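*Asks:* Below is the structure I would like to discuss, written out as structure tokens.
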Amino acid sequence: MALPDWLVTVAVSASLCSVLCLCVRFRRAGRALCRQALTRTMARTEKPLFRIAYTLYTRTWLGYLYYKREMRKAREHYPAGHSRAQPVEFNGIKIIPISVLSDNYSYLVIDTASSVAVAVDPADPQTEEGVMLEAIFCTHKHWDHSGGNKGLKRLHSSCRVYGNATDNIPGLTHPLSHRDSITVGRMQFKALFTPGHTVGHMIYLLDGRTIGAPSSLFSGDLVFLSGCGRIFEGSATTMLSSLDIVGSLSDDTLLWPGHEYAEDNLLFAAEVEPRNAARENKYQWVLQQRGRKLCTSPSTIGEEKEYNPFLRIHSAELHLALGLQQFQDEDWTEFRARVLVELRKRKELYNRR
């Protein structure tokens, strides 16, 4: 999720007004002092300004209006979607990635024998598959993942909306806790509590054993292909625990993330592990896919462990690249959290280029 520029502008404008007041107050001291006042004030207010903008986006109607505007723009700019879907089917269970907004993915998971279905993170309430939608699985409250909940609920009145109660999810009807199970048709899902990106973020694991197929993880904004979500509502230690849950899954588990960030994430990974051959091979494949506007989902957990720096926090090469090897003697959990913080810091700097 990226915060809307206009929300940030509102907060920044307030800060600039205070800076101008400082400049007027100290105008006799000259330009140097004014520049120093600007630097100090913006440094102090950068985080509070972000928190204000984030709160406006997630907890007020302003965020919803922004989401609706972005949805209209995306439909105009990408009338056929930002990516071409490549459905995957295992023994009558069909997974369809649905491109939404400029880089989001929703997913429709269908039991073709009974035509019952689950929608994951439906930002856009439009559906065209002619299925009976029994459930919506919402990973978290951000509008680009939850904005379609109420619209789909109106279209399918018996549809249940699942998510974590602490995350203020629109239209929530069935609150979930860690490791709760949900059955829809022949599909058996397990909800896993993974806070960090938001306070109530959850991911959903489709058990492949019941259908004779690999399991599938719908990871929302926790893990992407070669990346992870920003830590908006938690500590690095909290996010680390959530990433460890993903890392504990079997290597053949399919990963279905909430965004198409693959190309950019792999370029960043090259900066911290430039000699990683698995990363380079995956990057070349992604270039081919994106050149044809094809979806890059799914990858597998095993693949991610080879090139995703956020699932390779144990890597000695990564520690060296980040200049953190001198801290390796501290508590292992604290050290890994330190590595995660540094990775996120560098990723944010990379994103601003």
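Please treat every number below as a calculation from the coordinates, not as lab data. Just so we're clear, the structure is a prediction, and the values are computed from it rather than from any experiment. Note that each Cβ is placed from the backbone with ideal geometry, even for glycine, and that neighbours are counted across all protein chains shown.
*Asks:* Rounded, prolate or oblate: which fits the stretch 57-132 when a ≥ b ≥ c are the square roots of the eigenvalues of the alpha-carbon gyration tensor, with rounded for a/c under 1.5 and prolate only if a/b beats b/c?
*Replies:* Prolate.
*Asks:* Beyond a 31 Å Cα-Cα separation, which of these cross-linked pairs lie in this structure: 73/141; 150/282; 73/347; 94/305?
*Replies:* 150/282
*Asks:* Still on this structure, please answer the following. Once R0 is set to 51 Å, what does the formula 1/(1 + (r/R0)^6) return for the Cβ-Cβ distance between residue 114 and residue 320, expressed as a FRET efficiency to the nearest 0.05?
*Replies:* The value I calculate is 0.45.
*Asks:* Test of understanding: what is the full-extension gain from residue 59 to residue 281, defined as 0.36 nm times their sequence separation minus their Cα-Cα distance?
*Replies:* 75.8 nm
*Asks:* Still on this model: Could I have the simple spin-label model distance between residue 210 and residue 288, label points 7 Å from Cα toward Cβ, reported in nm to one decimal?
*Replies:* Label at residue 210, label at residue 288, 3.5 nm between them.
*Asks:* A further question follows. Classify the stretch 176-235 from the C-alpha gyration tensor, please: rounded if a/c falls under 1.5, else prolate or oblate depending on whether a/b exceeds b/c.
*Replies:* Oblate.
*Asks:* Something else: Mind listing the long-range amide H neighbours of residue 196? Cut-off is under 5 Å, sequence gap 5 or more, other chains count too, H placed in the peptide plane at 1.01 Å from N.
*Replies:* 201, 233
*Asks:* Starting from the Cα gyration tensor of the stretch 75-212, take the square roots of the eigenvalues, sort them a ≥ b ≥ c, and report rounded, prolate or oblate (rounded when a/c is under 1.5, otherwise prolate if a/b is larger than b/c, else oblate).
*Replies:* Judged from the Cα gyration tensor, the stretch 75-212 comes out rounded (a/c under 1.5).
*Asks:* Just to be sure I understand the rule: take each whole DSSP H helix in the chain, project its Cα atoms onto its long axis, keep it if the span is 18 Å or more and its mean Kyte-Doolittle hydropathy is at least 0.5. Which ones pass? Could the numbers behind the result be given before it?
*Replies:* On the way: long enough: 5-25 (29 Å, 1.68); 31-59 (40 Å, -0.40); 61-77 (24 Å, -1.49); 277-291 (21 Å, -1.43); 332-351 (28 Å, -0.91).
Sorted by number, the helices that extend far enough and score high enough are 5-25.
*Asks:* Based on alpha-carbon positions alone, could you give the equivalent ellipsoid semi-axes of the chain from the gyration tensor, as √(5λ), descending, whole Å?
*Replies:* Output for the chain: semi-axes of 36, 26, 19 Å.
*Asks:* Something else now. As I understand it, the dipole of the chain uses +1 on the Cβ of Lys and Arg and -1 on the Cβ of Asp and Glu, about the Cα centre. Which of 206, 77, 161 lies farthest toward its positive end?
*Replies:* Going by the Cα projections, it comes out as 77.
*Asks:* Mark the label point 7 Å from the Cα of residue 351 along Cα→Cβ and return the residues of the stretch 143-173 whose backbone N is within less than 16 Å of it.
*Replies:* 143-145
*Asks:* So what is the relative contact order of the stretch 88-349, in percent, for Cα pairs below 8 Å that sit 6 or more residues apart?
*Replies:* For the stretch 88-349, the relative contact order is 13 percent.
*Asks:* Right, something else. From the residues 91, 246, 349, which one has its Cα farthest along the dipole of the stretch 88-349 in the positive direction, the dipole being from +1 and -1 charges on Cβ of Lys/Arg and Asp/Glu about the Cα centre?
*Replies:* Highest projection toward the positive end goes to 91.
*Asks:* Let me ask you something else. So how strong a dipole does the chain carry about its Cα centre when Lys and Arg Cβ are +1 and Asp and Glu Cβ are -1, to the nearest 20 debye?
*Replies:* Working: 43 positive and 37 negative charges, 380 e Å.
Dipole of the chain, to the nearest 20 debye: 1820 debye.
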